[in-house]
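Novice: Submitted below is the structure of interest, expressed as structure tokens.
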Amino acid sequence: MIRKKQRGQLIVLSGPSGVGKSTVISELLGERPDIYFSVSFTTRKPRVGEADGINYNFVSQETFEAMIERGEFLEHARYVDHYYGTSLRLIEEKLAAGIDVLLDIEVQGAAKVREKCPNAVLIFIIPPSFEELSRRLHGRNTDDEEVIEGRLKKAREEYKEIPHYDFLVVNDKVSAAAAEIAAILTAEGCRTKYRLNLVEGV
Ligand code: ADP
Ligand code: 5GP
């Protein structure tokens, strides 16, 4: 009999703003509805089409700072003038119930997760080129030129962290990127350390 995994897998997905993380995550969750997507807290304003509690929990700076004080975040970071953070309680409940949890977080937060949760799997996603990243940021039509410039500059800094990630995925075609992530997760779940309970005689 195949026993259910004791604890869920923590999955971290990072990549420059505009690379297509949200798009790829939607595609992945369509195929893998068993994965729980962690909705982060942020102090940035919602973009057109974003909803509170779905894309983010949108909170004020005061609320966010009070949450930091109370130790409510697994990790938090400042990214281009705003706070972003992952609720420890929400994800811990899911992991303890054996549910895999996906975080879409930037590189400083990912480094903290790696430190605190050594079994987390870290995936970095890049566009085919910086030119294409710029096209996607402009095409999304949600940020003004100054914000886009800031994010493109930030992308070059974030690339320096790529060697610390376990896997690298190029988001050329959304379906192919989502399929690669699904394959990574399948392989990760097959690690011997998670399957020793299936072996008879040990
Ligand atoms: P992120 O969550 O990384 O900031 P989004 O998912 O919002 O990025 O995607 C940014 C823009 O790029 C959106 O307009 C989206 O439709 C587009 N996009 C995402 N993936 C691709 C792709 N593989 N090819 C072309 N455009 C893409
Ligand atoms: P955006 O404003 O484009 O939605 O997100 C900006 C950046 O913040 C992205 O790189 C995204 O991955 C990151 N981010 C979103 N939520 C969190 C979080 O909870 N913690 C951290 N550290 N980064 C986050």
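All of the numbers you see were taken from the coordinates with simple rules; none came from a lab. Computed from a predicted model, the values in this text were never measured in an experiment. Cβ sites come from the backbone with ideal geometry, for glycine too, and all protein chains shown count toward neighbours.
Novice: From the Cα gyration tensor of the stretch 58-174, with a ≥ b ≥ c the square roots of its eigenvalues, which class applies: rounded if a/c is under 1.5, or else prolate if a/b is larger than b/c, or else oblate? Provide the component values of the computation, followed by the final result.
Specialist: On the way: a/c = 2.07, a/b = 1.33, b/c = 1.55.
Oblate, because a/c is 1.5 or more while a/b does not exceed b/c.
Novice: Further question on the same structure: Mind running the shape call on the stretch 156-202? Use the C-alpha gyration tensor, a ≥ b ≥ c as the square roots of the eigenvalues: rounded below 1.5 for a/c, prolate if a/b tops b/c, oblate otherwise.
Specialist: Numbers: a/c = 7.28, a/b = 1.94, b/c = 3.76.
Taking the square roots of the gyration eigenvalues as a ≥ b ≥ c, the stretch 156-202 is oblate.
Novice: Remind me, relative contact order of the chain in percent, using alpha carbon pairs under 8 angstrom and six or more residues apart? Could you put the intermediate results ahead of the total?
Specialist: On the way: 293 pairs, mean separation 65.8, N = 202.
With pairs under 8 Å counted, the relative contact order is 33 percent.
Novice: Per 0.36 nm of contour for each residue apart, how much would the distance between residue 78 and residue 65 grow if the chain were fully extended, relative to their Cα-Cα spacing? All intermediate terms of the calculation are to be shown ahead of the outcome.
Specialist: Values: separation 13, 0.36 × 13 = 4.68 nm, distance 1.16 nm.
Using 0.36 nm per residue and subtracting the Cα-Cα distance, I get 3.5 nm.
Novice: How far is it, in nm, from the label point at residue 131 to the one at residue 89 when both lie 7 Å from their Cα along the line to the Cβ?
Specialist: Result: 5.0 nm between the two label points.
Novice: For n ≥ 4 DSSP H runs only, could you compute -39500 (n - 2.57) per run for the chain, divide by its residues and tell me the 222 nm figure to the nearest 500? Walk me through the intermediate numbers first.
Specialist: Working: 8 runs with 84 residues, N = 202.
About -12500 deg cm²/dmol.
Novice: Going by alpha carbons, how many degrees (0 to 90, nearest 10) lie between the helix axis of 174-189 and the longest principal axis of the chain?
Specialist: 30 degrees
Novice: Note down the net charge around residue 60, summing +1 for each Lys or Arg and -1 for each Asp or Glu among other residues with Cβ under 13 Å from its Cβ.
Specialist: Details: positive: 44, 45; negative: 52, 62, 65.
Within the 13 Å Cβ shell, the charges total -1.
Novice: Ranked highest first by average number of other Cβ atoms within 10 Å, how do 193-200, 95-102 line up? Write out the running numbers ahead of the final one.
Specialist: Numbers: 193-200: 9.6, 95-102: 16.4.
Packing order, densest peptide first, comes out as 95-102, 193-200.
Novice: Evaluate the distance, in nm, between pseudo-label points positioned 7 Å from the Cα of residue 115 and of residue 144 along their respective Cα→Cβ axes.
Specialist: With each label placed 7 Å out from Cα toward Cβ, I get 3.6 nm.
Novice: Based on the Kirkwood radius over alpha-carbon pairs, what value in µm²/s does the Stokes-Einstein equation return for the translational diffusion coefficient of the stretch 10-73 at 20 °C and 1.002 mPa s?
Specialist: Details: Rh = 13.5 Å.
D, rounded to a whole number, is 158 µm²/s.
Novice: Roughly what percent of Cα-Cα pairs across the chain reach past 30 Å? Please report the intermediate quantities before stating the final value.
Specialist: On the way: 4228 of 20301 pairs.
Summing the P(r) of the chain above 30 Å gives 21 percent of all pairs.
Novice: Related question: Given Cβ point charges of +1 (Lys, Arg) and -1 (Asp, Glu) and nothing else, what value in debye, to the nearest 20, does the dipole of the chain about its Cα centre take?
Specialist: On the way: 28 positive and 32 negative charges, 141 e Å.
Roughly 680 debye for the chain.
Novice: While we're here: Tell me, how many Å apart are the Cα centres for the stretch 106-139 and for the stretch 1-76?
Specialist: A separation of 13 Å, based on Cα centres.
Novice: Sort the stretch 112-184 into rounded, prolate or oblate with this rule: let a ≥ b ≥ c be the square roots of the eigenvalues of the Cα gyration tensor; rounded if a/c is under 1.5, and if a/c is not under 1.5, prolate when a/b is larger than b/c, oblate otherwise.
Specialist: Oblate is the answer for the stretch 112-184, as a/c is 1.5 or above yet b/c matches or exceeds a/b.
Novice: Follow-up. What spacing in nm lies between the two simple spin-label points modelled at residue 162 and residue 39, each 7 Å away from Cα in the Cβ direction?
Specialist: Using points 7 Å along Cα→Cβ, the separation is 3.3 nm.
Novice: Another question about this same structure. Once Rh is set to the Kirkwood radius over Cα pairs, what Stokes-Einstein translational diffusion coefficient, in µm²/s, holds for the stretch 87-132 at a temperature of 25 °C and a viscosity of 0.890 mPa s?
Specialist: This corresponds to a translational diffusion coefficient of 198 µm²/s.
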